[in-house]
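What follows is one structure encoded as structure tokens, with my remarks underneath.
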Amino acid sequence: MTSAAFFDVDGTLCDTTIAHYYRYFMFRRLSPFRRRLWYAGFLAKCGYYLLLDRVNRERLNVVFYRGYAGLPVDEIKAQAEDCERAVSLPRWYDEATACVARHREAGCRIVLVTGSLDFIVQPLALRVGGGDILAARLIEVDGRFTGELHGRPLCGTRKAELMHEYAARTGVDLAASHAYGDSFADLSMLEAVGVAHVVNPDRRLAALAATRNWPVHRWTVGGAAR
């Protein structure tokens, strides 16, 4: 059997959220005037999204991704690489690339495990030298996104479930594997492996990491500590 290094993406490899990507795609589609109107409405919703995230992240993902309903699939997917350059790269943690490289050199499979959409994460996987992806997928009908996800949102216990399925499929030994996450919502993912790492953890995860002696990494964007 082999080992793997599982990485959450948003907040772990880069200082992003699912909202950053969505904003990018919408801004590309709107005129400057309509963009200002849309963004004002979007900001008004953000308080609700933040509250929902604290209460139920799975529900947040269901509600948030409905914003993609009606968007043209080919057009949005064609912008994924530009989105990576404009959104993810400027927010990429300096230490992330070297960390992934160390695990790859040690013979680990690299796996990105994220609630972000699969086509958005694909360029990120290429950035770290290639790897497998466990990510959310939107349903497509007649060339447009419906705003509904295939299956359950990829967060909480769902991440761990897919990691176990991946391990059974690929022969990965989870007990010999590593996982990296930044949020208490990543707990199930971190508990699924033999070695858990936390990156710029939120308060609840930091407290738990201290009791379990999990390594805590303070990663930065452009040398700016978080």
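Are any of the residues in segment 10-26 modelled with pLDDT of 95 or more, among the basic types (Lys, Arg), over 26 Å from GLU191 (Cβ atoms) and open to solvent by 50 Å² or more (accessible area, probe 1.4 Å)?
For segment 10-26, residues modelled with pLDDT of 95 or more, among the basic types (Lys, Arg), over 26 Å from GLU191 (Cβ atoms) and open to solvent by 50 Å² or more (accessible area, probe 1.4 Å): present.
Considering only segment 116-138, how many residues are of a type in the set (Asp, Glu) and surrounded by fewer than 19 Cβ atoms within 10 Å (Cβ to Cβ)?
Total meeting the criteria: 1.
Okay, residues lined up against (1) of a type outside the set (Val, Ile, Thr); (2) within 23 Å of TRP219 (Cβ to Cβ); (3) touching a His at 6+ places or on another chain (Cβ under 9 Å):
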| position | (1), (2), (3) |
| --- | --- |
| ALA19 | yes, yes, no |
| PHE33 | yes, no, no |
| LEU50 | yes, yes, no |
| VAL62 | no, no, no |
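Consider only pairs whose beta carbons are under 9 Å apart and that are at least six residues apart or on different chains; among these, list those whose first residue lies in segment 139-159 and is free of Cβ contacts under 8 Å to residues at least 24 places away in the same chain and whose second residue is open to solvent by 80 Å² or more (accessible area, probe 1.4 Å) and not charged (D, E, K, R).
If the second residue must be open to solvent by 80 Å² or more (accessible area, probe 1.4 Å) and not charged (D, E, K, R), the pairs left are ILE139/HIS150.
Take GLY70 and decide whether it is exposed (fewer than 14 other Cβ atoms within 10 Å of the Cβ) and at pLDDT 95 or above.
The answer is yes for GLY70.
Quick one: ARG127 ticks every box in (1) touching an Asp or Glu at 6+ places or on another chain (Cβ under 6 Å); (2) closer than 16 Å to CYS14 by Cα bar one, so which box is it?
Answer for ARG127: the failing condition is (1).
Tell me which residues, restricted to segment 99-126, are under 19 Å from the mean Cα position of the chain (by Cα) and either closer than 16 Å to CYS155 by Cα or in a loop (DSSP other than H, G, I, E, B) (or both).
Once the filter is applied, which keeps residues that are under 19 Å from the mean Cα position of the chain (by Cα) and either closer than 16 Å to CYS155 by Cα or in a loop (DSSP other than H, G, I, E, B) (or both), segment 99-126 yields VAL111, LEU112, VAL113, THR114, GLY115, SER116, LEU117, ASP118, VAL121.
Quick check on my filter: what residues within segment 90-105 are open to solvent by 10 Å² or more (accessible area, probe 1.4 Å), in contact (Cβ under 8 Å) with a residue 12 or more places away in the chain and hydrophobic (A, V, I, L, M, F, W, C)?
Once the filter is applied, which keeps residues that are open to solvent by 10 Å² or more (accessible area, probe 1.4 Å), in contact (Cβ under 8 Å) with a residue 12 or more places away in the chain and hydrophobic (A, V, I, L, M, F, W, C), segment 90-105 yields TRP92, ALA101.
Looking at this structure, is LEU112 aliphatic (A, V, I, L, M), under 16 Å from PHE7 (Cβ atoms), surrounded by 13 or more Cβ atoms within 10 Å (Cβ to Cβ) and modelled with pLDDT under 95?
no
Taking only pairs six or more apart or across chains, which ones have beta-carbon atoms under 7 Å, a first residue in segment 175-193 that is over 19 Å from ARG109 (Cβ atoms), and a second residue that is crowded, with 24+ Cβ neighbours inside 10 Å and among the β-branched types (Val, Ile, Thr)?
Pairs found: ASP182/THR12; ASP182/VAL198; ASP182/VAL199.
The values are calculated or read from the model by the stated rules, or taken from the named source; none is laboratory data. This is a predicted model, so every value here is computed, not measured. Cβ sites come from the backbone with ideal geometry, for glycine too, and all protein chains shown count toward neighbours. To get the accessible areas, we keep the full protein, side chains included, count just its heavy atoms, and leave off ligands, DNA and RNA. Shrake-Rupley method; radii C 1.70, N 1.55, O 1.52, S 1.80 Å.
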